[in-house]
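Derivation of every value follows stated rules applied to the coordinates shown; laboratory data play no part. Note that this is a predicted model, so its numbers are computed, not measured. Every residue, glycine among them, receives a Cβ derived from its backbone with ideal geometry; neighbour counts consider all protein chains shown.
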Amino acid sequence: MKKNIFLLFMLSVLVYSCTPKAVDEDSWYTPDTNEDIVKLMQEMNEENGVHASNYTLLTLDEFVAKYMTDYGVFFPVRQRSYTYSGGGYNVDPSDYTKNNRGWFSIDTIPMYRDGGIYICGYVTTEDYDGTFYKSMVIQQMVEGEQQALRLSVDAGNLGATYELGQKILIRVNGLGIGKYANEPQLCVPSYNDNVHSYHADQKMGWAPGRIPAGRFTKAVRLIGRPSKNNLHYDELTIADIINTPADDEHFHKMDGRLVRIKNVHFPQSNPQVPGSYIDQNNNRNACTTNNPDQDVNSCVFAPFTENQGYPQGRVIEDESSAWSLVSTSEYAKFAHLMLPYEEYIGTIEGILGHYTDNGRNDPDQGDWSITLRSRYDLIDFKAADGTVWCPEYDCWWEGEK
């Protein structure tokens, strides 16, 4: 009997010792006070072999202005950084600045020279619906004005850790700051030599690449608890966006902002088919009711593009007839959602971008777009009679409305 009691006791001890302890979730988050953030930067400095007091916390705009140059420090850069003429990209290997618009440039951030370099901001994106794949955007309010920066990270399901409204602190030493299609982003240098890629001749060279997941995790700390109430939306009109002064300083200042556009609709060039798109000549065309697995101009947010992976743009318009684009990844869960008919008017939220991917095109209003994070970024779309827009996934391309 005593032997059995002893065995039971030893078994209970074994089970207890093998049972994982409950995760102390509070330990993941540093309190959001200046004192605690300073202490955290000092600790991260020491972990990285830097004197504790040698740190700098920059605003997002200060960080970009200090470390991102016009042309970067890597050559040869991706071909589409250059002007396009005569059927090719005008590249002069003897002068990397000649004809180079710097649309895919990369600069390095010192590992030790400037001590610990830090930025922080609130996460404004989520990847659950698949639009922001392996990327994030953070925002920071400085003197009442929104600043924003894109982060390129080689990890999926980022939203599980970095939720909407989560404040994060990033030690950026040893990373890179670059422009991908003229959109600034925190990144690492990446050289593309894949001769088998789609349009490989236009993509060869250096460009911003994704930060390895482990490296990003080591560089980031969570500050405070996540809350959507932490987020700020710039309420803009389409005119505010497309009338932005046409220079890189203003493009970069607007890029990545979390915006809200009211009283917009999806105009129809064909009264029977919802949606319009802009072709390469900047002309508006009617979407089709063809199968979105076969027609890139189908009347959905993002038809299939044979895994080329570029986002699809659909026209939005306000009551003054000013127009811009809504952008959606073909991999989004709502990519094949049918567009609202023109009669539905509502509010759109999302991430503003000015994407310039080809040196032969001068920037224009068609380069502006608002990237939806999910279908719930379409808010209160209603017809004049009060009918609420109801999303459809049915086989409408076979003729059903």
Report summary line: So, with points 7 Å from each Cα along the Cβ direction, the residue 54-residue 357 label distance in nm works out to 4.3
Report task. Have a look at 254, 384, 136 and report the one farthest towards the positive end of the charge dipole of the chain, computed about the Cα centre with Cβ charges (Lys/Arg +1, Asp/Glu -1). Result -> 136
Report task. Please report the relative contact order for the chain, taking Cα pairs under 8 Å with a sequence separation of at least 6, and give it as a percent rounded to a whole number. Result -> 14
Report summary line: Toy charge model, Lys and Arg Cβ at +1, Asp and Glu Cβ at -1: the stretch 26-230 dipole around Cα centroid in debye, rounded to 20, equals 440
**Report entry** Theoretical ellipticity at 222 nm over the chain - DSSP helices of four or more residues, -39500 (n - 2.57) apiece, nearest 500
**Finding:** -4000 deg cm²/dmol
Query - Neighbourhood net charge (14 Å Cβ-Cβ; Lys/Arg +1, Asp/Glu -1) for residue 208 - result: +2
Query raised in the report: Can you give the net charge of the other residues whose Cβ lies under 12 Å from the Cβ of residue 145, counting K and R as +1 and D and E as -1?
Result: -1
**Report entry** Antiparallel content of DSSP bridges confined to the chain, in %, to 5
**Finding:** 80
Report task. Would you kindly calculate the translational diffusion coefficient of the stretch 234-398, applying Stokes-Einstein with the Kirkwood radius from alpha carbon pairs, for 10 °C and a viscosity of 1.306 mPa s, and quote it in µm² s⁻¹ without decimals? Result -> 99
Report summary line: One finds the C-alpha centres of the stretch 171-194 and the stretch 25-100 to be spaced, in Å, by 8
Requested in this report: Using only the Cα atoms of the chain, construct the convex hull and provide its projected area averaged over every direction, in square nanometres to one decimal.
Outcome: 28.3
